1. Are there any strands (runs of 3 or more DSSP E) wholly within region 188-307 with 1 or more residues that are assigned by TED's automatic domain parsing to the domain that holds residue 79 and farther than 19 Å from residue 72 by Cα, and if so which?
2. Out of the residues in region 123-170 that are outside any strand (DSSP E or B), in contact (Cβ under 8 Å) with a residue 40 or more places away in the chain and touching a strand residue (DSSP E or B) at 6+ places or on another chain (Cβ under 6 Å), which is farthest from residue 6 (Cα to Cα)?
3. Would you check which residues across region 364-391 are assigned to a loop (DSSP other than H, G, I, E, B), modelled with pLDDT of 95 or more and surrounded by fewer than 19 Cβ atoms within 10 Å (Cβ to Cβ) and list them?
4. Take residue 313 and tell me if it is under 22 Å from residue 136 (Cα atoms), modelled with pLDDT of 95 or more and not assigned by TED's automatic domain parsing to the domain that holds residue 138.
5. Condition (residue is modelled with pLDDT of 95 or more and surrounded by fewer than 13 Cβ atoms within 10 Å (Cβ to Cβ)) applied to region 63-74: is it met by at least one residue?
6. When you check residue 104 against the structure, is it within 16 Å of residue 225 (Cα to Cα) and either assigned to a helix (DSSP H, G or I) or free of Cβ contacts under 8 Å to residues at least 12 places away in the same chain (or both), yes or no?
7. Taking region 10-28 only, how many residues are within 22 Å of the chain's Cα centre (by Cα) and either part of a loop (DSSP other than H, G, I, E, B) or assigned by TED's automatic domain parsing to the domain that holds residue 123 (or both)?
């Protein structure tokens, strides 16, 4: 039977595929971004209590009262956003669903959606599923991290531009967009009557004094921004699948309709437990950032010892590394990543899966460091032994 033209235009997730490859080779999984350390015990207890207390049937489709109230409280003190929890929140099955629901609710076939490259692999596929055309602009690697060219950004906007997707802190580049960069995006959105769809799932994982800015707080952006985030990364609960899209009441009404017919609703007991997560004290977030800072420094050192050139991330928990010293003649990044997991027992993600055109990532792989320090040390020993054999 024939398949749709849309389905022909993108592949299955390379990230999740590399996890399966890792399992087959009994490797250390530095490919997929999920922690191998425990969830905070108080959140586990909150989930168990929610199950015992009977929160086991459908919740209100767009979010439980307790959860959306807790979210409004947190967004007030952290994101500096005042929101109406009853009219501006849609609780979704992960930020992945939040993004596709937001796009389906706001983008029409034939529209253009601007995407920064490198990008989280879902964004391009999401635009295609909406019948839109993704327009890619490049973040340029430098000694200072990944940089945005203002002229390239301005040139990407046109009469067909409907939205721009912003991921800050960024996966896979680790870039944290500055207030000035976001102000430029905001000015272009206002000028071209475009929306900003902003994925802020790594909002608490920042380094070296970087500031997280929600673009919805900038002048003229409150009604033209969909702010997306979730529990997964901040609270180490990637399997709970609870996230949110926050927007104006008009846009929220459309997102809720799409969400209802995509998934009906997010898991009820994990929304109740999620309310406890959102009310964690400020000390929790400071400790989270400090823990990830140590992991970043450890992985950067281990990769340097093994001979990988890499760019220091400003936020999130990924490192893009150059494979130039190790790649064989006519070997691309995918073949190299497969060889690395087979020979060294360390799984990564081929860089080409984050770029358009894919050739821009043909000399890169992505490492995830959301792992126990002993896991990172073990991976480092394997890489060092492997690289020594290759020199």
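The values are calculated or read from the model by the stated rules, or taken from the named source; none is laboratory data. On a predicted model such as this, the values are computed, not experimentally measured, just so you know. A quick note on method: Cβ atoms are made from the backbone with ideal geometry, for glycine too, and the neighbour counts reach across all protein chains shown.
1. Numbers: elements: 195-199, 225-230, 243-246.
The strands (runs of 3 or more DSSP E) meeting that bar are 195-199.
2. The selected residue is 169.
3. Of region 364-391, the ones assigned to a loop (DSSP other than H, G, I, E, B) are 369-372, 391.
Okay, now just the ones that are also modelled with pLDDT of 95 or more, so 369-372.
Scanning region 364-391 gives a single hit, 372.
4. yes
5. Taking every residue of region 63-74 in turn, none turns out to be modelled with pLDDT of 95 or more and surrounded by fewer than 13 Cβ atoms within 10 Å (Cβ to Cβ).
6. Yes: the conditions hold for residue 104.
7. 4
For every residue, the table says whether it meets (1) in contact with a helix residue (DSSP H, G or I) (Cβ under 9 Å, 6 or more places away or on another chain); (2) closer than 19 Å to residue 207 by Cα.
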position	(1), (2)
129	yes, no
133	yes, no
136	yes, no
144	no, yes
150	yes, no
173	yes, yes
184	yes, no
